[in-house]
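Asker: Please see the structure below; I have some questions.
The values are calculated or read from the model by the stated rules, or taken from the named source; none is laboratory data. All of these numbers come straight from a predicted model, not from anything done at the bench. Here the Cβ is made from the backbone with ideal geometry for all residues, glycine too, and neighbour counts use every protein chain on show.
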Amino acid sequence: MRYFIKDNTLIIEGSFNAISSGLLGGWKRVECIFNHSVDKNFDLEDPIRYIKVLAKKLGINRYFGLLTSVPMDKLSIVRKDEITAFVTAGVKNPNEELRKVGTINIILVIEADLSDGGMVNAVITATEAKSSALLESGFNFTGTNTDAVVVAKTSGKYFEYAGPASELGRKIWFAVKKGVKESLSKW
């Protein structure tokens with residue numbers, strides 16, 4: 001895995017089997033995952049086209065892409081053994097309000113192998129950890145209306161499970177919770 005920031009975009013390169021809840025999401029093999037900061041003039045009407053044009057501009061082919069209003073200087077990167085969590089957190093649009101700015105994007109890179117069920121479970125664990133971080137930080141909501149999660153695995157040690165009680169799940173919980181709190185603290 002290699003990552004860097006270019007043109008307001010976090011770019012993570014590697015060979016991943018990944019699942020995404022974001023626009024153009026699903027489950028596929030990708031060579032890149034990106035999280036792009038849009039400005040306040042961003043056209044909300046066609047975000048899918050925006051992602052496709054951005055990927056082409058960046059020379060990215062097989063990818064999952066996320067959009068956020070959170071500037072990349074608010075990015076938090078937390079590593080816990082084989083887990084790396086990349087988190088951008090903005091909370092101006094709690095999940096009970098519409099059309100306000102803010103997003104919590106979580107990209108988890110697992111440098112190990114994980115069962116298909118474990119991949120899905122990792123999305124749940126990351127979401128629960130995000131909610132816990134928000135509640136502990138004094139917010140009365142569990143996310144925003146545009147949050148997204150990408151979980152990407154490489155190869156290595158095999159894990160069957162990724163729930164919070166499992167070895168891998170505890171690492172995911174730690175990395176995501178810390179990442180959300182760190183990103184929020186940068187505001």
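Asker: Which one is surrounded by the fewest Cβ atoms within 10 Å (Cβ to Cβ) among residues in the stretch 144-155 that are part of a loop (DSSP other than H, G, I, E, B) and either touching a strand residue (DSSP E or B) at 6+ places or on another chain (Cβ under 6 Å) or β-branched (Val, Ile, Thr) (or both)? Working first, answer last.
Answerer: Looking only at the stretch 144-155, we keep the residues that are part of a loop (DSSP other than H, G, I, E, B), and these are 145-147, 154-155.
Add one more test, that the residue is either touching a strand residue (DSSP E or B) at 6+ places or on another chain (Cβ under 6 Å) or β-branched (Val, Ile, Thr) (or both), and what stays is 146-147, 154-155.
Numbers: 146: 23, 147: 23, 154: 17, 155: 12.
Among them, the one singled out is 155.
Asker: OK, next. For the stretch 26-33, check the following and say yes or no: at least one residue is in a loop (DSSP other than H, G, I, E, B), within 14 Å of the chain's Cα centre (by Cα) and more than 16 Å from residue 87 (Cβ to Cβ).
Answerer: Taking every residue of the stretch 26-33 in turn, none turns out to be in a loop (DSSP other than H, G, I, E, B), within 14 Å of the chain's Cα centre (by Cα) and more than 16 Å from residue 87 (Cβ to Cβ).
Asker: Here's a follow-up. In the stretch 124-143, how many are part of a helix (DSSP H, G or I) and over 14 Å from residue 107 (Cα atoms)?
Answerer: 7
Asker: Right, next: Of all residues in the stretch 1-25 being part of a strand (DSSP E or B) and among the hydroxyl-bearing types (Ser, Thr, Tyr), which is surrounded by the most Cβ atoms within 10 Å (Cβ to Cβ)?
Answerer: 20
Asker: Out of curiosity, is residue 69 closer than 22 Å to residue 171 by Cα and of a type outside the set (Asp, Glu)?
Answerer: Taking the combined requirement at face value, the residue does not satisfy it.
Asker: Which of the numbered conditions does residue 89 fail, given that it passes all the others? Conditions: (1) within 22 Å of residue 70 (Cα to Cα); (2) surrounded by fewer than 24 Cβ atoms within 10 Å (Cβ to Cβ); (3) at pLDDT 95 or above.
Answerer: The single condition residue 89 does not satisfy is (2).
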